[in-house]
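Accompanying notes for the structure given below.
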Amino acid sequence: MGKNPQNRVRLRPVDLARPHGLSTQAVRNYEEAGILPAAARTESGYRTYSPLHAQALDTFLALLPGHGHPTATGIMRAVNRGAVDEAFRLIDESHARLLEDRRTLSAVEDALRDLSPAAPKPPGADRGQAPAAAPDARPDRDPTPTFIGPLAERLSVRPATLRKWEAAGLVRPRRDPLTGYRVYGEADVRDARLVHQLRRGGYLLEQIAPFVDQVRAAGGLSPLETALGDWRSRLATRGRALLTGSAKLDAYLGERERQSRGVLRISS
């Protein structure tokens, strides 16, 4: 009497592995990595596990979708060696990353909303006059090109800023073959405005570059609505996975505490 019933149940590696479709070697690897508590050994040297080990494996697998393998491993290692505060810190960092990703998505959505889909009307269009030809306009070029000075003024930035964005690959104006001047077509203006909005949101050029590439690959902003919806859905899935993992971890911590109190009662 007084012994924890869980300690009397002996499980083999296959008993832990089979419910999750894992190999017995994977279970042994998890133990060696500290994801599972150390197994007991029989007199002949075979590993034996308890229901607590099975619960540890369930917990680790539940942590994986929300935290990823390195962080989930770190959490379980910390818990199994009694460093619970370290485990909580790792969990906090995962939640902080999710929050930052949500803020990034919001900034991108705000930037897209701020980009007017309608191109500005050329002078004289409202009076029924034929639109004035833009400088250096050609039938095979964007109908309303602009130059670095007017674009910089429109965005309230310096021309040097646009040149910096160009050097980073965020804006790609063509060069007029006669004058060598930068000529910004409709897509270039779109990219510049998008970069401007994200820079105002505090994002670095290297953080903006992947999204600008996505806009170009999609051929504009409209096709990105599906991508943004998928992004939002993935964030929601991650948030739910973090909750699921936390619930499993809380139960595992509770069981460890119960077993620890049982050991203390036996020793006293």
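Each reported figure results from applying straightforward, stated rules to the coordinates on display, with no laboratory input. Being a predicted model, the structure only gives us computed values, none of them experimental. FYI the Cβ positions are ideal-geometry reconstructions off the backbone, even for glycines, and counts take in every protein chain you see.
Based on the Cβ-Cβ distance of residue 101 and residue 48, what FRET efficiency does E = 1/(1 + (r/R0)^6) give at R0 = 45 Å, to the nearest 0.05?
That gives a FRET efficiency of 0.60.
With only Lys, Arg, Asp and Glu charged, each at its Cβ (+1 for the first two, -1 for the last two), find how big the charge dipole of the range 1-114 is about the Cα centre; round to the nearest 20 debye.
Dipole of the range 1-114, to the nearest 20 debye: 760 debye.
Lys and Arg at +1, Asp and Glu at -1: add these up for the other residues within a Cβ distance under 15 Å of residue 233 and post the number.
Its environment carries a net charge of +1.
Hey, rough spin-label estimate for residue 29 and residue 200, points 7 angstrom out along Cα→Cβ, what's it come to in nanometres?
Roughly 5.0 nm, to one decimal.
Given labels modelled 7 Å from the Cα in the Cβ direction, how far is it in nm from residue 186 to residue 233?
So the label points at residue 186 and residue 233 sit 3.0 nm apart.
Specify whether the C-alpha gyration tensor of the range 53-105 places it in the rounded, prolate or oblate class, a ≥ b ≥ c being the square roots of the eigenvalues: rounded for a/c under 1.5, otherwise prolate if a/b is larger than b/c and oblate if not.
Oblate, since a/c reaches 1.5 and b/c is not below a/b.
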